[in-house]
Structure formats: structure tokens, C-alpha cells
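Quick one: the structure is below, questions incoming.
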Amino acid sequence: MLKTSNRIVLLISVLLVVGFLTTSLASYFVSRASLRSEIDQNTLPLTSDNIYSEIQRDLLRPIFISSLMASDTFLRDWVIAGEQDPRAITRYLNEIQTRYGTFTSFFVSEKTRNYYHSSGVLKQVSPDAERDRWYFRVRTMATDHEINVDPDMANKDAMTIFINNKVFDYRGNYIGAAGVGLTVNAVKTLIESYRKRYHRDIYFVDHTGTINLSSSSFAGQGQRLQEMPGLAPLAADILASDSLSLKYERAGHVVHLNTRYIKEFDWYLLVEQTEEQAIAKIFSALLVNIAICILVTFIVLLVTHRTLRSYQRRLEDSAATDKLTGVYNRKAFDDFFDHALTDSRRTETALSLLLFDLDHFKRVNDTFGHQAGDQALQEIAQRVKVAVRESDIFFRWGGEEFLVLLKGCHLERALQVAEKIRLAIAELPLTYDATEIPLTASFGVAEHRPGESLDSLMKRVDQALYLAKAGGRNRSEIAPLLQP
């Protein structure tokens, strides 16, 4: 029975664990797939749109300012009039820089090649000077403006993002280049604010694939997409498309990437997000589910084990108990006797047996019926339970025969117990169907002798019962010392 119980508990354990793990893992993988889809189709594109909108607000503003400068009538009139008062253009450029909060503002005249700055005339540009080549590039470029990253000579060579805009007179003739500048650090601070707000890596790539600006957490500043692990195979597609949603692996992590071409900058905005943080939450949920699975499995197994043990005990009690009288049956005697004998040897105490039989019980059955006989047996069992000690063990030996195992009880004391039980049976008749039925019993008493076998002891106590029957019934007899 115990092996069967263990197999049932093991089977339930396996079923629970497999069921919980299957459900938890399936939920984890479905959630992860759903998360990836959500990032690709909604979260990242939406974030990219928001960042693009803020870039238009924050970084396109200098482009708008330089465009206003290029079309400003004061600037054009001043140039057309022959650039007669440098202080007037200086005040103008200083006003632009102060009002709009730019890092620098400038105008370079095509006629005089003077480089006017908010602090005055800075220099004259020359096609032979390396640092002046930007101006001669602007003269010939197809578009009206460009964004260029260069050191600013007027501000201790601080790296500056210049927005250079062509200036034309009223007839469309090129008369110079005007613009403003922002420090790279200021723009990086702006990008960093986007990163902290949206928890994404943000960087800008020019048409050659070079990463010009990036958030602090991105390690690719100054590199080219074509040289970066994971991004290299995607570089051509990124530079050939206005917008893309892609995935690639970096350092063992899946990275989701959204790209967008910013025409005003001629740069590509790249916004990327790793799965790691979001997946970590799902993985934590998986661990919580597994922990709950373990707890529930433990509780179910505990309840199952206790239920099976209780059921097993009931079966064992049912197998070892006489159904009619509720006392132990003959089958249970051997186990109880072995334990009692072991205790007797260990504690060096006596061990005795009482075997008794109801007198003329067949007459009760024949006269009053078997129901009366059953009631008589039940009544006898109740009277014996009251008469014996808690440590004594009471058995129905068979039919109308009963046996009492007396632990720690020598022969003389066992005889006293036998007499107590005999009197309890004889002094009060059984009332059945308004009829009083007298009951008596005959007893055999024996004490276990050192080294004696159970068979020998049973033969002696049975012989004592026979002597009681032969001696007139309703009496107790002690087993002879020597087995015949």
C-alpha cells in the first residue's frame, strides 16, 4: 500500500510540474513574441515619431533662423549698399545670437570675403585656407543650406554644428553665406534628454554612414555603420530608405531599430531599443509563476500525501478491526504481540494473555436469533473495554472467543483482570427485545515465560480455557507451567 501511495504522489508531482511548466513557458514565449511585435509595430515607431517631432522643434529651429537671416531685407540691403558700416552688421548678428540663444552667428560676404561675427570682423576667407573650404563648398552646393560640424575659430575652436545658408540679392545673385551655430555638447545634451525620457539609444548618421551624434549610452560615435557588428549588413538598406523597422543582434541581445531620414539635416535618425529590460520583466514573471508552481505543487502533494495516509490508515484499521464489535481482529494480533514482547524484554516486565469464551453462546443464537447473538457480542466488547487498562489490547479471536493482551502484567495480576471482566459480564444480563438473556464467560490466563514461543503460549492459554470450561464454566483458570 505504501509503495502504491508513493507512486501516486510521484505521478501527481510529475503531472503538476509538467502542467505548470508547460503553461508558464508557453505564456512566457507568447508574451515575448507579443512584446517583440509591439516594439516593432507600435512602441518604437511611435517613440521615433515623437523624437523626430522634438528634433523638428529643437534642432530645426536654427535652420529656420538661418533661413530668416538669408531672406532678411536689412542684411541684403546692407550688403548691396556696399557693407559701409561693419558695426551695423555686428549689432545685427549680436541681436540674432542673443534673441535666439545660438552659440554663434555669422555672415561671410562674397564680394569682400569678410567673415562678420557677432563680435566684429573675424577674418577674410581664402580658398587656400583649409578652415575656409566650407564657404567655397557652400557657394557651389545645389541646396540653399547645409549642416556642418566644424571647430568655431571665434569660440576657441569649440566643436560646433553650423547651419550655413546661401544669401541672394533681390535678383537672385549669390552675395554671401549667413547662419548660426550650436555647440555639439548642447546638441548632445538635447539628445541625452531624449534618451532619458524615452529609454532608447538615439544617434544620427550622415549619407556616408558615419555616426555624427549619439546619446551617451551608444558606443558607436564616429564609426561607420558599415564597420559595426550587427549593423554592417543593414547599412545599405538604412541609407537607401526613408524609414525602416529592423532587428539585429548585438552582444547576444536582440536590438530593435527604427530609422528615419531627416531631409532638413540630410541625416538619418536611428532609434533603437534592446529587449533586455522588457524581457527581464517577463522573465521575472516566469520565475514568479514557477515559484507559485512549486508552492502549489508542494501544497497539493502535502494534502494528497495526508489524504492517502489517512485513507491508508482507515484501510489498515478496517483490515485489522472486527466490523461487528469494533475491536482488533485476529489478523492484527501478531504485530501487536511482537511489539509487546519486544517492550517486555527491553523493560524486563511481565506479559500475559487472557483468552475467554462466552458460555452456551450457540444457545443464545438458536433461541433468540443471530441478531441477539450479535448484540451480545457487541455488549461484551463494550464491557471489556471498560474493565481493562488503556495499555491492554483487546481482540476478537473468532466467533464468541476473545483475547486480551496484558502488557506489564504478571500472572497474579492477569488473573485479577480476568475475574474483573468475568464479573462485569455475568453480573448484568443482556436485554434483547424486552427479554433478559444471562451471559457468562470462561477464562484462561497465561504469563509469557522467557524464551517461550507464541505457539507455546497460545497452547497453554487455550489449555487453561479448556480447564475453565471443564470445571463448570463461568470461571478463570491459570495455564499449567509445563506444556503437556
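The values are calculated or read from the model by the stated rules, or taken from the named source; none is laboratory data. Treat the numbers as computed from the prediction; the structure is a model and nothing was measured. Positions of Cβ are backbone-derived with ideal geometry, glycine not excepted, and every protein chain shown enters the neighbour counts.
So in the stretch 398-430, with the set limited to residues that are out of contact with any helix residue (DSSP H, G or I) (no Cβ under 9 Å at 6 or more places or on another chain) and over 30 Å from Glu348 (Cβ atoms), which one is surrounded by the fewest Cβ atoms within 10 Å (Cβ to Cβ)?
So the residue we want is Glu427.
Sticking with this one: Step by step: first the residues of the stretch 254-290, then only those that are among the charged types (D, E, K, R) and at pLDDT below 85, then the one that is farthest from Glu54 (Cα to Cα). Which residue is that?
Lys281
Run down Val180, Val205, Val187, Val167 and say which single residue is in contact with a Gly (Cβ under 7 Å, 6 or more places away or on another chain) and of a type outside the set (D, E, K, R).
Result of the check over Val180, Val205, Val187, Val167: Val167.
Where in the stretch 92-158 are the strands (runs of 3 or more DSSP E), entirely inside, with at least 1 residues that are touching a Pro at 6+ places or on another chain (Cβ under 8 Å)?
114-117, 120-124
Please count how many residues of the stretch 467-484 are within 19 Å of Gln416 (Cβ to Cβ) and either of a type in the set (Gly, Ala, Ser) or assigned to a helix (DSSP H, G or I) (or both).
Residues flagged as within 19 Å of Gln416 (Cβ to Cβ) and either of a type in the set (Gly, Ala, Ser) or assigned to a helix (DSSP H, G or I) (or both) within the stretch 467-484 amount to 5.
OK, next. Please tell me if Leu182 is at pLDDT below 85 and either under 30 Å from Ile80 (Cα atoms) or among the acidic types (Asp, Glu) (or both).
When the stated conditions are applied, Leu182 passes them.
How many residues are assigned to a strand (DSSP E or B), more than 17 Å from Ser118 (Cβ to Cβ) and of a type outside the set (D, E, K, R) if we restrict to the stretch 162-181?
The total comes to 3.
Output the number of residues of the stretch 390-445 satisfying the condition of being within 60 Å of the chain's Cα centre (by Cα) and without any contact (Cβ under 8 Å) to a residue 24 or more places away in the chain.
Here the count works out to 2.
Something else now. Just a yes or no: is a residue in the stretch 120-138 of a type in the set (Ser, Thr, Tyr) and touching a Gly at 6+ places or on another chain (Cβ under 8 Å)?
Within the stretch 120-138 (the criterion being of a type in the set (Ser, Thr, Tyr) and touching a Gly at 6+ places or on another chain (Cβ under 8 Å)), the answer is no, since none of the residues qualifies.
On to the next question. I'd like to know if the stretch 444-466 contains one or more residues that are in contact with a Gly (Cβ under 6 Å, 6 or more places away or on another chain), small (Gly, Ala, Ser), crowded, with 22+ Cβ neighbours inside 10 Å and assigned to a helix (DSSP H, G or I).
Within the stretch 444-466, one or more residues are in contact with a Gly (Cβ under 6 Å, 6 or more places away or on another chain), small (Gly, Ala, Ser), crowded, with 22+ Cβ neighbours inside 10 Å and assigned to a helix (DSSP H, G or I).
I've got another one for you. What's the number of the only condition in (1) modelled with pLDDT under 85; (2) under 25 Å from Arg61 (Cα atoms) that Ala251 fails to meet?
Going through (1) modelled with pLDDT under 85; (2) under 25 Å from Arg61 (Cα atoms) one by one, Ala251 breaks only (2).
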